[in-house]
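What follows is a single structure, written as C-alpha cells, with notes after it.
Laboratory data are not the source of any read-out in this text; all were calculated from the coordinates shown. Everything numeric in this text was worked out from a predicted model, so none of it was measured. We place every Cβ from the backbone using ideal geometry, glycine too, and count neighbours over all the protein chains shown.
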Amino acid sequence: MVWPGKGMSWKEFFTELKNEYINDNVSNVAGAVTFAALLAIFPFLLFLVALAGLIIDPAQAQVLIQELGKVAPAAVTDILGQRINDLAASNSVGLLTVGGLGAVWAASGGVVAMMDALNTVYDVKESRPFWKIRGIAILVTLCGAVLSILASAAMVATPAVAHWLGEPLGTVVMWLRLPFAGLMMMLVWAIIYYVLPDVEQDFKFITPGSVVGVVLWLLASFGFSIYVRNFSSYDVSYGALGGVIVLLMWMWISAQVILLGAEINALIEHKSPEGKAPGAKHLDEPGPNVTKGELRRAEQEEIAMLRQQPPPPPPVPPRMSPLRAAITWAMGFGMGLFLMRRYER
C-alpha cells in the first residue's frame with residue numbers, strides 16, 4: 001500500500017490532491033450536497049425526536065447539539081437546538097406512525113446526494129437500480145438516527161458512571177469521552193465511504209480519509225466558529241437570515257471535508273499496486289498504479305501527439321494498364337465522332 005512519504009512523495013500527494021479537488025469540482029458538488037442536506041436535516045430531526053421519545057427523553061437529544069457547539073458556530077447550534085426543543089415539546093411520538101415514513105424518505109434525500117457526490121470522486125457512473133439506491137439511503141438514515149440517540153444516551157450517562165466509579169477511574173472515563181467520540185466519528189465516516197459510492201471498497205483504503213477527514217472537520221468547524229464569532233458580519237449583511245447563512249456555510253464546509261477525505265482514499269488506492277484502477281468498480285480490477293490526474297495527463301499527451309503528426313498524404317489514383325487506357329481512349333474518340341456527325345446533320 002502506497003502512503004505519502006512511502007512510495008509517493010508528499011509534494012506529489014498534495015499536488016495530485018489539489019488537482020483532483022479542482023477537476024472534480026468538489027466545491028460545486030459540495031454545494032449541491034448542502035442544498036439536499038438542508039432539505040433533509042429538519043425531517044431527520046423530526047424523525048430523530050419522535051424515535052427518541054420511545055427510548056429516552058426527547059429533550060436529551062439536545063445533548064448532541066451541546067457537544068456540537070464545542071466546535072461549530074453558535075448560530076448552527078441555536079437553529080438546530082431550537083428545532084429539537086420545539087419538536088420535543090410537541091407530541092411527536094405519533095409521527096412514527098403517521099408521518100414517519102415521509103420524514104425518513106425526505107431525510108434520505110441528503111444521503112442520495114452524497115452518494116452521487118462520492119461517485120463523482122471515484123469517477124464512476126451510478127449503475128445500481130433505484131430501489132437499491134433509495135433503500136441504502138433509508139437504511140443509512142435510520143442507522144444515523146439510532147446512533148445519534150445512543151450517542152446522546154451515552155453522553156448523558158457518562159457523568160453518572162464516572163461519579164459511580166469515583167476517583168481516579170471517573171476522571172479517566174471523562175477524559176476518554178472525547179477521544180472515544182472521535183473514534184466513533186471515524187468509524188461512521190468509514191462506513192459512509194464503504195457503503196455509499198457505487199464501488200467495492202477495501203477498509204484499508206478508506207481508513208486514511210476517515211481519520212484525516214474527521215481531524216480536518218474538527219479543525220475546520222472550530223476555525224469557522226472562531227471566524228463567525230469574531231470577524232464575520234453575517235447578521236449585518238443578511239439580517240434575520242444570518243443564522244441560516246451560517247448554517248449553510250458550515251454544512252458546505254462539512255460536505256467539502258467529507259469529499260476531500262474520499263479524494264484522499266481514491267488517490268492512495270489508485271496509486272497502490274493492490275488498488276483499483278481509476279474509474280473501476282470492483283476489487284478484481286487492478287489498475288496501472290496511477291492516479292486519476294496521471295491517467296488524465298497521459299490521455300492529453302496522447303491526443304496532443306496525434307494532433308502534432310502531419311496529415312497523411314492524399315491517396316494516389318491507381319495507374320491504368322495500357323490496354324485499359326487504349327480502350328478508354330478509343331471509346332472517348334468514338335463518342336466524340338458520333339456527336340460531331342450528329343451535330344452536322
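Checking the Cα-Cα distances for Lys6/Lys276; Lys70/Lys281; Lys132/Lys276; Lys6/Lys281 against a 28 Å cut-off, the pairs over it are Lys70/Lys281. Between amide H atoms placed 1.01 Å from N, distances below 5 Å from Met8 occur with Trp3, all of them 5 or more places distant or on a separate chain. Once the C-beta distance of Phe14 and Arg229 is scaled by a Förster radius of 35 Å, the resulting FRET efficiency is 0.70 to the nearest 0.05. Using the Cβ-Cβ distance between Phe203 and Trp131 with R0 = 45 Å, the FRET efficiency computed as 1/(1 + (r/R0)^6) comes to roughly 0.95.
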